[in-house]
Amino acid sequence: MFIQLHTLTSYPSALLNRDDAGFAKTLPFGGTTRTRVSSQCLKYHWRNFNGEHAIRKAGADMSIRSRETFQRRVAQPLIDEGYPEPLVRAVTFALKERLLSDKKAGKRDTKTLIDPGEDDNPWDELKTNQIVVLGAPEVRYLRKVAAEKIDDAREELSVFWDEDPNLDSDTVSEAADLMRDISKRDLKKNLKGLYLAAGLDAALFGRMATSDVLARGDAAIHVAHAFTTHPQEAESDYFSAVDELRRDEPEESGELGAGHINTQELTSGLFYSYVVVDVPLLVSNLEGVERNDWHEADRELAAEVMQRFVHLMTTVSPGAKLGSTAPYAHAQCLLAESGTAQPRTLANAFQEAAPNQNVLEASYEKLGAYMHEMDGMYGHTTARKLAAMGPVNGLPEQVGVDDTTTVPDIAQWTANQITHA
């Protein structure tokens, strides 16, 4: 079962998503260049939105995305609780190695973390090379494992609790052996048994994993790059910042003029966005059941997430250049579909770019005509709802609905598709 969402959203005078040179991201399509907003950009803003309908307010923990999670969320809280810092560093490093690379921590590295030289910064070893996605339940469990490992070794390693411990090489070696003795089997089994282990947003948008200890998660929500239905419209905006002391007291500096002069690209456009929600996988990721058993699972959280997501997709804008462009826009068209047929984008409706004049009306005509042709070729395979404003004309009939409705109605309808399936 899939729920598909299609939107058309207009942004005037904005720079929603930039490339490495500071220009708007683009996409060549149908022989013309379009302005583009990447799926990563869209997901970032949907994931981090904290207002009405925010995903993070659905009643589950969000993921932690950082290179410093082991240091700041596993090790530091244990040190704050009074556990010896050398042992905390060592066991946290052992957990990191076992979790991310499937390997037992090397003894030499572990000994260095326990008794570092004066020039070494042992905390660097707890950072990861790339951002790691971990859920709050996973972090809590790892912290518990680390604490228990240290507690179990307290009798043998009591010297570490002294105010100024005198560590000889044998003690450091023994501590390294005890701290790096992490069972892969137990770790994998217990992490797998955690509810929403990787966090709510990882259940929605997926998580990559490089070892079989940390569970890989496939994304239940598939997000396409948004692009303009018409050729790119861009302008190089020249701007200056006035040095107000020079302006008001020119006799002090001996000159007038701006304190800063620069240019930036601004674009405008009507963007087509497309999202697919794999409903069985969404329920499976959220409830920890097998995908084929989703009908028997509790689907209330999945339904609430779906309802919130419809509002996010239609109202939450990419947040670039907020202070200078106020790029806040709501979708002018939302088409929702539900069914078991293989999903298909409607992006090809705009393969031949819409003209830059009357762009919304022209885009409606292209969207309606393309969907009517698709239904003629493949049949009407989904249940549908449409919300639209502006020159709608014959769009409802062409996309196969009786009339238009509201975004809140569609949000509730998509939730019902999940709970009543």
(message) Once each part is reduced to its C-alpha centroid, what is the distance from segment 377-394 to segment 188-202 in angstrom?
(response) 39 Å
(message) Given points 7 Å out from each Cα along the Cα-Cβ axis, report the S211 to S183 separation in nanometres with one decimal.
(response) 1.6 nm
(request) Quick one: check the C-alpha center-to-center distance for segment 31-110 versus segment 279-309, whole angstrom. (result) 24 Å
(request) In nm, give the distance between the simple-model label positions of T419 and E81, each being 7 Å from the Cα along the Cα-to-Cβ direction. (result) 3.9 nm
(request) Would you mind working out the magnitude of the charge dipole of segment 65-198 relative to its Cα centre, with +1 at each Lys and Arg C-beta and -1 at each Asp and Glu C-beta, to the nearest 20 Debye? (result) 1380 debye
(request) Assuming a ≥ b ≥ c are the square roots of the Cα gyration tensor eigenvalues, decide whether segment 302-421 counts as rounded (a/c under 1.5), prolate (otherwise, with a/b larger than b/c) or oblate. (result) oblate
(request) Set Lys and Arg Cβ to +1 and Asp and Glu Cβ to -1, take the dipole of segment 65-198 about its Cα centre, and tell me which of T110, L157, T171 lies farthest positive. (result) T110
(request) Using a 10 Å cut-off on Cβ atoms, rank the peptides 102-108, 14-20 from the highest mean neighbour count down. (result) 14-20, 102-108
(request) Could you tally the net charge around D403, taking each other residue with its Cβ under 15 Å from the Cβ of D403, Lys/Arg +1 and Asp/Glu -1? (result) -1
(message) Compute the angle between helix 85-101 and the longest alpha-carbon principal axis of the chain, please, reported from 0 to 90 degrees and rounded to the nearest 10.
(response) 50 degrees
(request) Would you work out the relative contact order for segment 65-198, in percent, from Cα pairs under 8 angstrom that are 6 or more residues apart? (result) 38 percent
(request) Over the alpha-carbon set of segment 65-198, work out the extent along each principal axis and list the three values in angstrom, largest first. (result) 43, 30, 27
(request) Can you list which of the GluC sites (Glu not before Pro) found in segment 41-146 are DSSP loop residues with at most 11 other C-beta atoms within 10 Å? (result) E52, E81, E118
(request) Quickly work out the A241-to-D164 label distance, labels modelled 7 Å from Cα along the C-beta direction, and quote it in nm with one decimal. (result) 5.1 nm
(request) Report ³J(HN,Hα) in whole Hz for each residue of segment 64-75, in order, from the Karplus equation J = 6.51 cos²θ - 1.76 cosθ + 1.60 where θ = phi - 60°; Gly and Pro get x. (result) 10, 10, 6, 8, 10, 4, 5, 6, 8, 10, 9, 6
(request) Report, in degrees rounded to the nearest 10, the 0 to 90 angle that the Cα long axis of helix 169-179 makes with the longest principal axis of the chain. (result) 40 degrees
(request) Name the residue farthest towards the positive end of the dipole of the chain from the options A362, A146, L214, assuming +1 on Cβ of Lys and Arg, -1 on Cβ of Asp and Glu, about the Cα centre. (result) A362
(request) Round to the nearest 10 and give me the degree value, 0 to 90, for the angle of helix 407-419's Cα axis relative to the longest principal axis of the chain. (result) 60 degrees
(request) Amide H neighbours of C333 under 5 Å, at least 5 residues apart or on other chains, H built in the peptide plane: list them. (result) L8
(request) Using the charge dipole of the chain (Lys, Arg: +1 at Cβ; Asp, Glu: -1 at Cβ; taken about the Cα centre), state which of L245, L42, L16 has its Cα farthest towards the positive end. (result) L42
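Every read-out reported here was derived from the displayed coordinates using simple, explicitly stated rules and does not represent laboratory data. If you're wondering where the values come from, they're calculated on a predicted model, not measured in any experiment. Every residue, glycine as well, gets a Cβ built from its backbone with ideal geometry; the counts of neighbours run over all protein chains shown.
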